[in-house]
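Everything below concerns the one structure shown next.
Values in this text are rule-based calculations from the coordinates and carry no lab data. Just so we're clear, the structure is a prediction, and the values are computed from it rather than from any experiment. Methodologically, a virtual Cβ is constructed for each residue, glycine included, from the backbone with ideal geometry; neighbour enumeration extends over all protein chains shown.
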């Protein structure tokens, strides 16, 4: 025996549930606003707390302005939302590297991938170079490392030769990734 499905009742149930959810959200927002106002009233009543809050706001504003004025090429960080479509991949990586220089303790887990998840940064680190090293220096370093780690120079034992082979493969893959990054 099959039961007949009542679509109208289901839609009404969904509508009532959505209305209740909306009411709950609005009540929660009102409670949050009331709590915020109560906290601010208590802070305003104590001069030292008020001074600390104002200093914190000023500090945050200064840091935000300082970060907004950083330029990558001809693009200010503050203009990124409007200019994001025009950023090239290299400019994007330069931007991230500059942010790391400004704040080395930046919390990468809060919305951005960690540098180790970004292959270009890892490739530069594999070659022992800082990000953005000029292409000619990258080529010199690659050649030097390949001469140093060539498996023929480490043939004294099978383990040393295997390690040298792995290392040259890592060096080569890093070099190829950087070459692609530089458009070579």
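Here the residues 146, 99, ranked from fewest to most Cβ neighbours within 10 Å of their Cβ, fall in the order 146, 99. If a/c stays under 1.5 just call it rounded; otherwise compare a/b with b/c (prolate if a/b is bigger, oblate if not). Do that for the stretch 126-184, with a ≥ b ≥ c from the square roots of the Cα gyration tensor eigenvalues. Note, shape of the stretch 126-184 comes out prolate. Using the Cβ-Cβ distance between residue 184 and residue 101 with R0 set to 22 Å, the FRET efficiency from 1/(1 + (r/R0)^6) comes to roughly 0.30.
In this simple spin-label model, placing a label point 7 Å from the Cα along the Cα-to-Cβ direction at both residue 18 and residue 41 gives a separation of 3.7 nm. Pop the C-beta distance of residue 143 and residue 63 into the FRET formula with R0 = 45 Å and round what comes out to the nearest 0.05. Using R0 = 45 Å, I get an efficiency of 0.60.
When each of 135, 149 is scored by the number of other beta-carbon atoms lying within 10 Å, the sequence from fewest to most is 135, 149.
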